Amino acid sequence: MKKLPLIAILIVAASLIYWAFTRIPPKSEKSGEPEVEIEDSSEYWESVTSVEQTPSYQPPPPEHNFYSDGPKTRDGIGKYYQGREIAYVMGHPAIQWLERPEREKEEAPTKALDLIKLAPGEVLADIGAGSGYYSLRIAMTHPNSRVVSVDIQPEMIDFLKGRTDKLGIANVSPHLGKIDGIGLPDESIDAALMIDAYHEFSHPYEMMKSIASALRPGGRVYLLEYREEDPDVPIKPLHKMSQEQAKKEMALVGLEWDTTIDDLPWQHFMVFKKP
Ligand SMILES: C[S@@+](CC[C@H](N)C(=O)[O-])C[C@H]1O[C@@H](n2cnc3c(N)ncnc32)[C@H](O)[C@@H]1O
């Protein structure tokens, strides 16, 4: 009987030794690093730009294979389309930059919003909607129209959803798109809007094809890009686009240039139409 406590002690000690050797240590203990994930946005952008193709993706026939590889610069992915290098995707850690208060002074979004026409009952797809900076403002000023906010980053979609719920905005539909298509039905939208987004589409040809299909005949494309022709616009070169370049790329998918309004401080406001 006297041996019982000793046996109990031995059993407890053996269990502790077994546990110490077999448990999986938490991440923070393994590397000595804090457990909080630290954003490495450059790596994130790499992964976003190399997302697998959708199963339905069919490469364009050889005569339409417009892409080529070339020198990879700091802000680009080394893939070229119509003579320009495609820029990295801006990762969701930059949400605060998209929502920055100085944006009004720098880009005059209120002025841009006035130029976007949307009649009651019409549907506008905001492609590359990001945090929803524009989507939400358009939805609020056009309560009888619908805004479909498309982005490829689930984190952007989640942020946008959070804001529409908080503000009680019912006419915004967040929609997770793919790198090579918006995934909306044919002839389901009246207008497409791309603000500071098109230059970073990794598959611009496929994206514009799918946008053109989703537009109803006569539908508008509002394309806002930082003016490449203006050296005073303080934006990295790959995030800018000239009018000539934009017209060439839209023409490739059958969109016709309609007008350009150059009243904004930094961006071209270009309108294209589906015939
Ligand atoms: C620089 S942000 C601009 C966001 C917003 N338009 C604005 O002006 O506040 C560009 C956005 O385009 C998105 N994007 C990139 N490629 C895309 C694609 N193929 N389809 C949809 N969104 C895309 C990115 O995820 C990013 O949120």
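Bear in mind that the values in this text are calculations on the coordinates, not laboratory data. These numbers come from a predicted model, not from an experiment. FYI the Cβ positions are ideal-geometry reconstructions off the backbone, even for glycines, and counts take in every protein chain you see.
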Taking the Cα atoms of segment 127-183 alone, what are Rg (to one decimal) and Dmax (as a whole number) in Å?
10.5, 31
What FRET efficiency do you get for residue 256 and residue 165 if R0 is 30 Å and r is their Cβ-Cβ distance, rounded to the nearest 0.05?
0.20
Could you calculate the contour length gain from residue 99 to residue 69, that is, 0.36 nm times the residue separation minus the distance between their Cα atoms, to one decimal place in nm?
7.4 nm
Run the numbers for residue 176 and residue 141: contour at 0.36 nm per residue of separation, minus the present Cα-Cα distance, in nm.
10.3 nm
Going out from 0 in 5 Å bins, what whole percent of all Cα-Cα distances in segment 85-273 drops into each bin?
1, 8, 17, 22, 23, 18, 8, 2, 0
Over what distance in Å are the Cα centres of segment 215-244 and segment 122-140 separated?
17
As a quick test, which of the pairs 209/248; 178/274; 117/209; 209/247 have an alpha carbon distance above 18 angstrom in this structure?
178/274; 117/209
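Regarding segment 151-241, what whole-number volume in Å³ per residue does the convex hull of its Cα atoms give?
125
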